[in-house]
Amino acid sequence: MSKAKKSKRFNYPLQTVLKVREIRENQALDAFQQAETAYHAAQATLREIEQKRDHAYQELRDCLSGKLPTTNVQEVVLRKHHLDGLEQEIIKQKEAVEQARLAMEEARQKLISAMIDRKIIDKDKEKTRESWKKLMDKSDGLFLDDIAIIGYEAKNRRQRENEPDKKEIE
């Protein structure tokens with residue numbers, strides 16, 4: 001904890017450290033938001049590819065069941081080949097989603113670490129401010145005590161000066 005110094009205004013000696021920690025926290029927050037956006041974009045891309053695959057499977061089923069007029073076997077083979085390509089894309093996209101999730105978790109841990117570091121300095125600032133207030137209250141109390149002592153001594157001096165006068169009168 002940093003030491004409080006006697007001054008008219010509170011001056012935190014580690015203010016620059018606090019600013020640096022706040023900047024790092026903001027940078028970590030931005031990085032986390034970007035990682036989260038990338039993760040959600042990867043998930044959306046995966047859903048789109050899965051929808052394309054499901055639609056292509058439905059067309060293939062319709063073609064094989066006779067709902068759609070089949071022109072030739074070559075068309076069925078091409079559709080099957082296209083579905084295999086979509087399956088490979090889905091596998092690659094799932095890997096990309098997992099990597100994006102890991103990057104997001106790593107960014108989250110960095111953000112949490114940066115927040116903890118800033119909060120440590122914030123707590124130190126609060127404790128230093130409290131100790132400064134106590135120090136200033138004590139200083140004010142001593143000043144008021146000095147004023148009271150001076151007033152008391154002046155009153156006693158006046159009384160002592162007035163007492164000989166009273167003895168002379170008697």
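In table form, for the structure just shown:
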{"read-out": "Pairs where the first residue, in segment 109-126, is closer than 21 Å to residue 35 by Cα and the second is open to solvent by 90 Å² or more (accessible area, probe 1.4 Å), C-beta under 6 Å, 6+ apart", "value": "114/24"}
{"read-out": "Output for segment 6-58, where each listed residue is closer than 24 Å to residue 129 by Cα and of a type in the set (D, E, K, R)", "value": "6, 8, 9, 19, 21, 22, 24, 25"}
{"read-out": "Hits in segment 7-56 (condition: in contact with a Leu (Cβ under 8 Å, 6 or more places away or on another chain) and closer than 27 Å to residue 80 by Cβ)", "value": "49, 52, 53, 56"}
{"read-out": "Selection count where residues are under 12 Å from the mean Cα position of the chain (by Cα) and without any contact (Cβ under 8 Å) to a residue 12 or more places away in the chain, scope segment 1-26", "value": "2"}
{"read-out": "Those residues of segment 46-58 which are over 21 Å from residue 106 (Cβ atoms) and open to solvent by less than 70 Å² (accessible area, probe 1.4 Å), in sequence order", "value": "49, 50, 53, 56, 57"}
{"read-out": "Residue in segment 50-71 that is in a helix (DSSP H, G or I), in contact (Cβ under 8 Å) with a residue 24 or more places away in the chain and in contact with an Asp or Glu (Cβ under 9 Å, 6 or more places away or on another chain) present", "value": "yes"}
{"read-out": "Residue satisfying all of: in segment 14-45; of a type in the set (Val, Ile, Thr) and open to solvent by less than 70 Å² (accessible area, probe 1.4 Å); farthest from residue 89 (Cα to Cα) among these", "value": "17"}
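The values are calculated or read from the model by the stated rules, or taken from the named source; none is laboratory data. Source: prediction; values computed, not measured. We place every Cβ from the backbone using ideal geometry, glycine too, and count neighbours over all the protein chains shown. Note: areas computed on protein heavy atoms with side chains; ligands, DNA, RNA excluded. Shrake-Rupley method; radii C 1.70, N 1.55, O 1.52, S 1.80 Å.
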